[in-house]
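Student: Here's a structure for you.
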Amino acid sequence: MFRLLIFLLFLPFLGVSQQKFTVSGYIKDAANGEALIGATIYVKALSTGATTNVYGFYSLTLPADNYDIEISYIGFATQASSLVLNENTRLDIELEAEGKQLEEVVITSTREQEGVKSMEMSTNRLDIKTILKIPSFLGEPDVIKSIQQLPGVSTVGEGASGFNVRGGSVGQNLILLDEATVYNSSHLLGFFSVFNPDAVKDTKLYKGAVPAQFGGRIASLLDVRMKEGNNKDYEVNGGIGTIFSRAAVEGPLFQGNGSFIVAGRRSYADVLARPFVDLLKEGGALNFYDLTGKANYNINKRNRIFISGYTGRDRFFFDKNQGFSWGNNTGTIRWNKIFNDRLFANFSGIFSRYDYSLRFGENDLDNFKWKSSIRNVTFKPSFSYFVNANNEISFGAEVNYYSFEPANASGATNGNQIDISLPEKYNLESALYIGNSQRLSKKIAVDYGLRYSYFAGYGPGTQYTYNDTIPGRRRTPVSEKTFEAGEVTSTYQNFEPRFSIKAELNDVSSIKASYNRMAQYLHLISNTTASNPLDVWTPSSNNTKPELSDQWAIGYFRDFGKEKMFEFSVETYYRKTQNQIDYIDGADLLINEFLEGDLLPGQWRAYGLEFYLQKKVGRFTGWAAYTLARTELKIKGINRDAWYAARFDQTHNLKLSGFYDLNKRWSASANFTLISGTPSTFPTSRFVVQGMLVPYNALESRNNVRLPAYHRLDVSFRLEGKTVKRNGKVRNHSDHWVFGVYNLYARKNPFSIYFTQGKDRVAQGAPINSEARQLSIIGTVIPSVSYNFKF
């Protein structure tokens, strides 16, 4: 396998020598100078072309000649022009949005065929324009809620943090905001995400076929890219909603050689309710805020620097002394360097931190305090070498240094303070990678690469060795070893090959296949119904091995209809994982020095079939996504060592999203969701102790019952503001209203079901009755209205 990869990597350099030149540059939005990610430049005569990277840069090497070229991007008018290539040429291009006329270029109506022509599979991209159309909770556009409308993506219920991809857990998703890791992507316990839509440019979800430059998680990669800011005009936009308001300011810097954007949000439900709610009058709080910023500067045509950052926090306090809070902080500094027309590089320095704090007790004599955090600092050099029109080689490295603070905790009783803190942990994760995107012929293309990852733990700290016991029982430490600062406590290393292939059957259809291996060295410890802010991250150690995942996928892609307005795809996948973590019954996961004794490693498998149908043009657009899937675990000591369904296993998952332009000012949109109920563990028998009913799982089964199916319909209507004043003059700003209804028919979807016994004592010998009770996070209609503006 390794010999084959090495041969393929050097194959691009073995061609016949002839005089060639390179055309390269950036493709941007003409309105604001934003780089366009994934824009294409196409050479008709050679049936070849290039695609811009995440910074909008492209490079295309061709034999010297005169060419007709087309430059295109979804939602923008395609430009057609001539290119005389007799020397290396810098060609920066600006595209106008569809509907606007250009004076010096020809506009064509060629439709993009991303699904059929692109190398990518198991990948979905949502631009911010689409996200803004999707009906959302309380009328607020949301990145995470939007991607949950895609095939293979789900959640265990309303109010659940994060998302699940192809059966993976929330902690198995790598979420990046301008390359910085986001450890908790939710505000208000999962109802909103940390991504401000006013600052987001592009969102891309990899469910498989992950490029070699990414690693560290085994389920998916969500790559969120921030706007760079308008480098031509100052601009203010924002919105006033039911529960929070947002605002963003952007504009040029350094006479157009740079730009900036600053965007902020703050919820105010507790402020409005304070006069009417006693808890809030006494210092209680239920709110969140976040601030996102980015700036860039073009030093010259070959050098550009970026700096971006995010800070956000949630506060949930019962009074001024009791409650908890959590938040993320990220920062990224990047330097784009064009060494020559074919070699593009980016150097990134990244900081990321997630922390939470918990505090109870009305005074200093009796209280409990707990703080926890995870921090990492990253350096990431990456290079792209554009060998020729058929080959693009990427290579680079990544170094992450982690600091884990599992618990800085103390309790006080009658003034007696007890410190129950756990020691910090320190780890280094590094990687080298190389990959190549290669076109073998007009019909066949391949992507292949190799990632080598290394993970090490460092002192100071204590390492425990646990006893062997009956599988499923708590293990206890039998020996320990102390390490000084800087001493290596454990190491792991893995090779992670990646491969994908595309074969075009004809002009409107193709088949694709992929394989990738991923290694994950960090583990999110959570055994609750849904991930919550108090979950703990822990690194691999001598007792906890890294999770290793292998995924295979194959798919069929087709465009059809007038102007190829319909896109259809079907993919099937199978993924198996080694060292998947689950927990013993009654596991103690919080502030537990001997946590590893409660963890159980095992096997995990997920397999499924994903259907996707999208209508891309016309007054009515939208998509239908259906997933048939299973996710199962097999762990010694659980479920009598037999396979059992994972907590987030959902057999059927149907999502319908539709958008309709009623007229020039009014538009409507709707979402419908229908998902199989998630598994839950119910007792199989019971016994009675002194008149009290005690449930008991006699079969030792795990996740033996499914909750009722989840279904919900959301609708929204958008009213565009008038573009012309009464005096006939054009308005210098735009605005619109959004009227929405979440859960239109008031479905009470079950989040969990539990059993209770009546409060009254039962006479001796009389039967004891118990009842099942359903918890629904939202069981009613939620109307909303929001006003959005831009000037």
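Student: Can you give the Rg to Rh ratio of the chain, both from alpha-carbon atoms, with Rh computed by the Kirkwood formula?
Tutor: 0.97
Student: Then there is this: Could you bin all the Cα-Cα distances of the stretch 388-435 into 5 Å bins starting at 0 and give me the percent of pairs in each, rounded to whole numbers?
Tutor: Distribution as computed: 5, 14, 13, 10, 10, 8, 8, 7, 6, 5, 5, 3, 2, 2, 1 percent.
Student: If you average the alpha carbon positions of the stretch 681-741 and of the stretch 401-465, how far apart do those two centres end up, in angstrom?
Tutor: Here the two parts' Cα centres lie 33 Å apart.
Student: Compute the normalised compactness of the stretch 632-732: alpha-carbon radius of gyration over 2.2 N^0.38 Å, N being the residue count.
Tutor: 2.05
Student: What list of ³J(HN,Hα) values in whole Hz, one per residue of the stretch 542-557 in order, does the Karplus curve 6.51 cos²θ - 1.76 cosθ + 1.60 (θ = phi - 60°) give from phi, with Gly and Pro shown as x?
Tutor: So the Karplus estimates, Gly and Pro as x, are 5, 9, 10, 7, x, 7, 10, 10, 10, 10, 10, 8, 9, x, 10, 10 Hz.
Student: Follow-up. Quick one: grab Rg to one decimal and Dmax as a whole number for the stretch 661-791, Cα atoms only, in Å.
Tutor: Using the Cα atoms of the stretch 661-791, the pair Rg, Dmax is 25.8, 86 Å.
Student: Determine the order of Asp364, Asp314 by accessible area, beginning with the largest, at a probe radius of 1.4 Å.
Tutor: I get Asp364, Asp314, largest accessible area first.
Student: Could I ask something else about it? I need the chymotrypsin sites (Phe, Trp or Tyr not before Pro) found in the stretch 232-267, filtered to DSSP loop residues with at most 16 other beta carbons within 10 Å of theirs.
Tutor: Tyr234, Phe254
Student: Counting only DSSP beta bridges with both residues in the chain, tell me the antiparallel percent, nearest 5.
Tutor: In the chain, approximately 95 percent of DSSP beta bridges are antiparallel ones.
Student: I need the trypsin sites (Lys or Arg not before Pro) found in the stretch 382-456, filtered to DSSP loop residues with at most 16 other beta carbons within 10 Å of theirs.
Tutor: Hits after loop and neighbour filter: Lys442, Lys443.
Student: State in Å² the accessible area per residue of the stretch 192-302; use a 1.4 Å probe, count heavy atoms of protein chains only, and round to the nearest integer.
Tutor: 37 Å²
Student: Keeping the other protein chains in place, figure out the carbon and sulfur percent of the accessible area of the chain, with a 1.4 Å probe.
Tutor: Accessible surface attributable to carbon and sulfur in the chain totals 57 percent.
Student: Here's a follow-up. Work through the residues other than Tyr466 whose Cβ is under 14 Å from its Cβ and net out their charges, Lys, Arg +1 and Asp, Glu -1.
Tutor: Net charge around Tyr466: 0.
Student: Could you please put Thr465, Thr130 in sequence from largest to smallest accessible area, using a 1.4 Å probe?
Tutor: Putting Thr465, Thr130 in descending order of accessible area: Thr465, Thr130.
Student: Could you work out the relative contact order of the chain, using alpha carbon pairs under 8 angstrom and six or more residues apart, expressed as a whole percent?
Tutor: 10 percent
Student: To continue, here is another question. Sort Leu205, Leu440 by accessible area with a 1.4 Å probe, largest first.
Tutor: Largest to smallest exposure gives the sequence Leu440, Leu205.
Student: Using a 1.4 Å probe and ignoring any ligands, DNA or RNA, find the accessible area of Lys117 and quote it in Å² to the nearest 10.
Tutor: Ignoring ligands and nucleic acids, Lys117 comes out at about 70 Å².
Student: Treating each Cα of the stretch 158-284 as an identical point scatterer and ignoring solvent, apply the Debye formula and state log10 I(q)/I(0) at q = 0.09 Å⁻¹.
Tutor: Computed log10 I(q)/I(0) values: -0.38.
Student: Leaving out ligands, DNA and RNA but keeping every protein chain, what accessible area does Thr155 have, in Å² rounded to the nearest 10, with a 1.4 Å probe?
Tutor: The value for Thr155 is about 30 Å².
Student: Counting helices only, and only those DSSP H runs with n ≥ 4, report the 222 nm mean residue ellipticity of the chain as the sum of -39,500 (n - 2.57) divided by its residues, in deg cm²/dmol to the nearest 500.
Tutor: About -1000 deg cm²/dmol.
The values are calculated or read from the model by the stated rules, or taken from the named source; none is laboratory data. Keep in mind the model is a prediction, meaning the values are calculated, not measured. Because the Cβ atoms are built from the backbone with ideal geometry, glycine has one as well, and the counts that use them run over all protein chains shown. Calculation scope for accessible area: heavy atoms of the full protein, side chains included, ligands and nucleic acids excluded. Shrake-Rupley method; radii C 1.70, N 1.55, O 1.52, S 1.80 Å.
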